[in-house]
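Student: Let me begin by handing over the structure; questions about it come next.
The values are calculated or read from the model by the stated rules, or taken from the named source; none is laboratory data. Computed from a predicted structure; not experimentally measured. Positions of Cβ are generated from backbone atoms using ideal geometry, with glycine treated the same way; all protein chains shown enter the neighbour counts.
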Amino acid sequence: MNEKKTTSVCVVRGGADEKPYEENFEVPFEDGASVLDALTWIRSHKDSSLAFRYSCVSANACKECMVLVNDKVDYACTARLDPDGVKVGPLKNKRLIRDLVTDIVPPKERISDPN
């Protein structure tokens, strides 16, 4: 009998004006699977409200999926799932929008309100 392997993904969630909280998800585990694979699986199968950003053209090219993986800055598309689980959170040095989505526009490039 071929039993499916799973692993735990702990996601730091919340909005800009909310206290962050952690939510754990059991996801399918395959050798070589990325953290981004797990996040898209969670959004498709467990919680469609999970917010994260990605725009894959090729690995590590767009830089939109940058998050904290086990408290280290990494790309969700290239960081690998660990059979013992991973913790994923938003970047700490960027303004939080929601869940794993942070403001990626450099401060000098923001459109300011003329009024």
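Student: In the stretch 2-51, which residue that is within 17 Å of Leu68 (Cα to Cα) and of a type in the set (S, T, N, Q) is surrounded by the fewest Cβ atoms within 10 Å (Cβ to Cβ)?
Tutor: For the stretch 2-51, the residue satisfying everything is Asn24.
Student: Let me ask you something else. Starting from the stretch 31-44, take each residue that is touching a residue at least 40 places away in the same chain (Cβ under 8 Å) and list its partners that are surrounded by 15 or more Cβ atoms within 10 Å (Cβ to Cβ) and part of a helix (DSSP H, G or I), counting only C-beta distances under 9 angstrom and pairs at least six apart or across chains.
Tutor: Ala33/Trp41
Student: Restricting to the stretch 77-90, name every residue that is at pLDDT below 95 and buried (at least 16 other Cβ atoms within 10 Å of the Cβ).
Tutor: Cys77 - this is the single residue of the stretch 77-90 that is at pLDDT below 95 and buried (at least 16 other Cβ atoms within 10 Å of the Cβ).
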